[in-house]
Amino acid sequence: MSKMCADKYNKENPGKPKRTALYYKLEWSKKRNEACTSGTKTHKFAEDYTNESVAENAKEQAVVEWNRMLNSKYITLFDECRLYCKHLKRAGTADKILLNTETGNLVIQDWKTNSTNILQVYNNKKLKEPFDKLPCNALNKYAIQLSTYQKMIENNTDLKVEALWITWLKQGDYTILDEGKDEKKYKIIKTQADIDHALFKQFNVNSLADKID
């Protein structure tokens, strides 16, 4: 892919210095490392959040706004909760598990810091079985992730999970393709955010736990 990108750039820009495959590998590595560092810092801020926490950037301010908007009937039981299930032979870490004090049920919530649009899908691609009816985009993959956490909890306790929340720390419009994406190859799955805040978008995704075994 790096060679393809270099060849394409050099063909379209004959008067400019040529780029190599290594150029793109290093550029992608740099962006990946920056994204990982930023995401880790944001998750740490969310984990340690108190009413006195002071945000240093837009993503941290989104965490502040989310907590301010959270209905008082929800209380946080765990942040960064490690889960495992011997039967499923799976493990993972849920960003946040909340209790609905009115119903006695749980909510699993996950922070996402993606810079790319989690609703866009390439070439109408579908997920693999047993989720092959769903478009292959990040939001649906996250729904599987949280549904797996739900299955772990419900398989090993008497507790019930009533909702799965994906909180994407995204500013602005989320219904458009990322810049530079070919509209003939990519499209946006028009999924309405349950909370469309200026700093974050929250999707209450459908559980897929019944398809996980």
Problem - Any pair with Cβ under 7 angstrom, 6 or more apart, that starts in region 1-18 at a residue that is under 19 Å from Ser29 (Cβ atoms) and open to solvent by 100 Å² or more (accessible area, probe 1.4 Å) and ends at one that is assigned to a helix (DSSP H, G or I) and of a type in the set (A, V, I, L, M) - result: Lys3/Ala21
Exercise for the section: Mind telling me which of the residues Glu179, Glu183 ends up being under 30 Å from Val64 (Cα atoms) and of a type in the set (D, E, K, R)? Expected result: Glu179
Fill in the blank from the handout: Log entry, pairs with first residue in region 64-82 being under 22 Å from Thr148 (Cβ atoms), second being among the small types (Gly, Ala, Ser), beta carbons closer than 8 Å, six or more apart or on different chains, reads Phe78/Ala94; Asp79/Ala46; Glu80/Ala94; Cys81/Ala94; Arg82/Ala91; Arg82/Gly92
Exercise for the section: Could you please find all residues in region 124-144 being open to solvent by less than 50 Å² (accessible area, probe 1.4 Å) and in a helix (DSSP H, G or I)? Expected result: Ala138, Leu139, Asn140, Tyr142, Ala143, Ile144
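Name the single residue that is least open to solvent (accessible area, probe 1.4 Å) among those in region 186-210 being among the basic types (Lys, Arg) and at pLDDT 95 or above. Please lay out each step first, then the result.
Within region 186-210, the subset among the basic types (Lys, Arg) is 187, 190, 201.
Next, only the ones that are at pLDDT 95 or above stay: 187, 201.
On the way: Lys187: 93, Lys201: 4 Å².
By that ranking, first place goes to Lys201.
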Completion exercise
Per the list (1) at pLDDT 95 or above; (2) open to solvent by less than 60 Å² (accessible area, probe 1.4 Å), residue check on Gly172 breaks on (1)
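The values are calculated or read from the model by the stated rules, or taken from the named source; none is laboratory data. This is a predicted model, so every value here is computed, not measured. Here Cβ is always computed from backbone atoms with ideal geometry, including for glycine, and neighbour counts include all displayed protein chains. Each accessible area value is taken on the protein alone, full model and side chains, heavy atoms only, with ligands, DNA and RNA left out. Shrake-Rupley method; radii C 1.70, N 1.55, O 1.52, S 1.80 Å.
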